[in-house]
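This report refers to the structure that appears directly beneath it.
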Amino acid sequence: MNICEYQIKALETDKIPWDEKNGPDILLLGFLGEMGALSKVFKRGERDGEVYESFNKHLNENLGDLLWHVAILANKFGVSFNYTPRKNALHNDGMAVFYSLAHKVVRLSDERNNILGGLQQASLEVKQLIYEILDDMHYIASLYETSLDLIAEENSKKIKSYWKGDPTLPARQFDKDFPYYEQFPRKFEIEFMEIDDGKKIIMHMNGLNIGDRLTDNALKDDAYRYHDVFHLANLATLGWSPVFRNILRCKRKSNRSVDEVQDGARAGIIEEAVVNYIYDYARDLQFLKGKKLVDLNLILRFSKLVRNYEVESCEPWEWAHCILSGCEVFRSLRDNKGGRVEIDSDRRSIKFIGRLNS
């Protein structure tokens, strides 16, 4: 992929609220944020030298994130990436080019009023800055034996994995090659019932109690007793839940290695950690009521946490869909003091379908 093709692809993921009063500030602040991230890469590179083995990987990733911001701004003001980069007079001094790039990004903030004003009020300075920023990025890439075309291709895959997923696709079937009795049911219902004056929760499936009786284990009512719904969201939208594989008694015992690693106690602990992260993150945001996005940093944390487990193949958009879906059902269960939940992995969905006895 060359950067001209990338510029077109980037436009598909433009979520900047341009019509809102301070909407374009999101892009400008993004420029500054990406330069901050890039500065950390250069700092570590200078400080740690060869010990910083991930320098090139992190450099490419952060340049790619910055390139996305440049592409969005360029698209807005009719600047094409189809141009010939000018030679840079800074020769082989990577740090000098970095400071040059940083200076030009800061200069963009000086053009805030022009950028907020839209295309008709854009000054030639803004368009010139875009080309100068691209020049410096081209030169940094060449100094470190990569190219903006390669960086663009890698970033395109990254943004597609977060923005361009299809939540109507069936959830993954990590157990499809196992006997039917070791597979998750694809569609089922579970009832969440409050007992002991609402202090405890029991789950009902096909007329039987499943799992443990859960309380908040807290001094204040924070509805944590409903947190199993996040495990169910993992099952419904990711096709993964060592915890519920144990509860539903469909561990993959026909393969000793899979049973021990993917379905074992450690995998269950990892999932509990994921669910706790989700709960703590969402609790401070009203369990994502009215939200359509999830913090990418949270999802990247999960990517590290589940490394070497089958669920590591799930892309960021899958995690985001999982978290948003789980929070929606959690809110409904909490507000209705229980209810019925439908899990349908073929539709990658989990939904609240009604109060008990309604």
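Read-outs: derived from the displayed coordinates by stated rules, not from any lab. Just so you know, these numbers come straight off a predicted model, no measurement behind them. Heads up, the Cβs are rebuilt from the backbone with ideal geometry, glycines too, and the neighbour counts pull from every protein chain shown.
What is the calculated FRET efficiency for N217 to K292, with r their C-beta to C-beta distance and R₀ = 45 Å, to the nearest 0.05? All intermediate terms of the calculation are to be shown ahead of the outcome.
Values: r = 31 Å, r/R0 = 0.69.
According to the calculation, E is roughly 0.90.
Please arrange D197, D263, D222 by counting, for each residue, the other beta carbons lying within 10 Å of its beta carbon, fewest first.
Least crowded to most crowded, the residues run D197, D222, D263.
Between helix 316-336 and the chain, what is the angle of the helix's C-alpha long axis to the longest principal axis, kept within 0 to 90° and rounded to the nearest 10? Relative to the chain, helix 316-336 is tipped by roughly 40 degrees. Sorting R256, R225 by the number of Cβ atoms found within 10 Å of their own Cβ, with the fewest placed first, yields R256, R225. Rounded to the nearest 10 degrees, the angle from helix 23-48 to the longest Cα principal axis of the chain is 80 degrees.
Rounded to two decimals, the Cα-based Rg/Rh of the stretch 3-163, with Kirkwood Rh, is 0.95.
Stokes-Einstein at 20 °C, 1.002 mPa s, Kirkwood radius from Cα pairs: D for the stretch 180-354 in µm² s⁻¹? Present the calculation step by step, with values, prior to reporting the outcome.
Numbers: Rh = 16.4 Å.
Approximately 131 µm²/s, per Stokes-Einstein.
Relative to the longest principal axis of the Cα atoms of the chain, the long axis of helix 94-110 makes an angle of roughly 80 degrees.
Sum up the charges of everything whose Cβ sits under 10 Å from the Cβ of D65, counting Lys and Arg as +1 and Asp and Glu as -1, but leave D65 out. If you can, show how the numbers build up before the last one.
Numbers: positive: K158; negative: E34, E61.
In short, -1.
Under 16 Å from a point 7 Å along the Cα-to-Cβ line of V261: which residues of the stretch 174-195 have their amide N that close? Answer for the stretch 174-195: 174-175.
Tell me the mean residue ellipticity at 222 nm calculated for the chain from its helices only (DSSP H runs of n ≥ 4, each -39500 (n - 2.57), averaged over every residue, nearest 500). Please list the in-between numbers first.
Numbers: 13 runs with 184 residues, N = 358.
Helices in the chain give a 222 nm mean residue ellipticity of -16500 deg cm²/dmol.
Computed packing ranks the peptides 311-322, 160-171 as 311-322, 160-171, most packed first, by mean other Cβ atoms within 10 Å. Applying 0.36 nm per residue to the separation of Y144 and S109 and subtracting their alpha-carbon distance, the gain on full extension is 9.8 nm. For the stretch 200-250, with equal point scatterers placed on the C-alpha atoms only and solvent neglected, what are the log10 I(q)/I(0) values from the Debye formula at q = 0.13, 0.22, 0.23 1/Å, to two decimals? For the requested q values the scattering log ratios are -0.34, -0.87, -0.93.
Annotation: the residues R249, R186, sorted from fewest to most other C-beta atoms within 10 Å of their own C-beta, follow the order R249, R186. If you look at the Cα atoms of the chain, you get an Rg and a Dmax of 24.5, 76 Å. Taking the inverse of the mean reciprocal distance over all distinct Cα pairs, the Kirkwood hydrodynamic radius of the stretch 1-63 comes to 13.9 Å.
Each eigenvalue of the Cα gyration tensor of the stretch 78-186, multiplied by 5 and square-rooted, gives one semi-axis; in descending order these are 43, 21, 12 Å.
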